[in-house]
Amino acid sequence: MELNNLISGMSQDISAGNIPHEDLAETKRVMVLLLAPFAPYLAHEMWELLGEKGSLLKAPWPKYDVALAKEEELEIPVQVNGKLRGRVVVPADASEEFVLERALADEKVQSFIAGKQIVKKIFVPGKLVNFVVR
């Protein structure tokens, strides 16, 4: 729906020719393919309205580029003694030391570890940071 709304909002760019007709047609085709598992009858009607000749059921699933789908930044939850106390945003390829440094620098986390000894630092890459304190 967000993609559909975005394309609908670009009507001036489309009418001015800033977006190639082929790209717009391919975008519509892919949107119908992605809609098909959720609303098959509607998707079949839209498929025919687009002028596609073959069966929607036999159309190949759209390809995707793994590099484009990769996240550039991650939001890592930070726990203190197993309870969520903050979140930090770090680059997806950040090292463990960098993530732990950012987690310790978070104001919310600092308030829960102030005056306490950090017994253990648990780091799950790309998932979470947990500090065990006493």
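The values are calculated or read from the model by the stated rules, or taken from the named source; none is laboratory data. Source: prediction; values computed, not measured. Because the Cβ atoms are built from the backbone with ideal geometry, glycine has one as well, and the counts that use them run over all protein chains shown. Heads up: the accessible areas ignore ligands, DNA and RNA and are worked out on the full protein's heavy atoms, side chains in. Shrake-Rupley method; radii C 1.70, N 1.55, O 1.52, S 1.80 Å.
Quick look at the numbers
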| quantity | calculated |
| --- | --- |
| Output for segment 1-27, where each listed residue is modelled with pLDDT of 80 or more, part of a helix (DSSP H, G or I) and more than 23 Å from the chain's Cα centre (by Cα) | E22, A25 |
| Breaking point among (1) farther than 30 Å from P91 by Cβ; (2) assigned to a helix (DSSP H, G or I); (3) modelled with pLDDT of 85 or more; (4) open to solvent by less than 60 Å² (accessible area, probe 1.4 Å), for V30 | (1) |
| Count - residues of segment 65-93 that are in contact (Cβ under 8 Å) with a residue 12 or more places away in the chain and either surrounded by 15 or more Cβ atoms within 10 Å (Cβ to Cβ) or assigned to a strand (DSSP E or B) (or both) | 15 |
| Among (1) in contact (Cβ under 8 Å) with a residue 12 or more places away in the chain; (2) under 22 Å from the mean Cα position of the chain (by Cα) - the single one F131 does not satisfy | (2) |
| Answer from D93, D106 - the residue that is at pLDDT below 95 and among the acidic types (D, E) | D93 |
| All positions within segment 33-49 that are open to solvent by 70 Å² or more (accessible area, probe 1.4 Å) and assigned to a loop (DSSP other than H, G, I, E, B) | P37, F38 |
| Selection from segment 94-113 of residues that are over 20 Å from the mean Cα position of the chain (by Cα) and not in a helix (DSSP H, G or I) | S95, D106 |
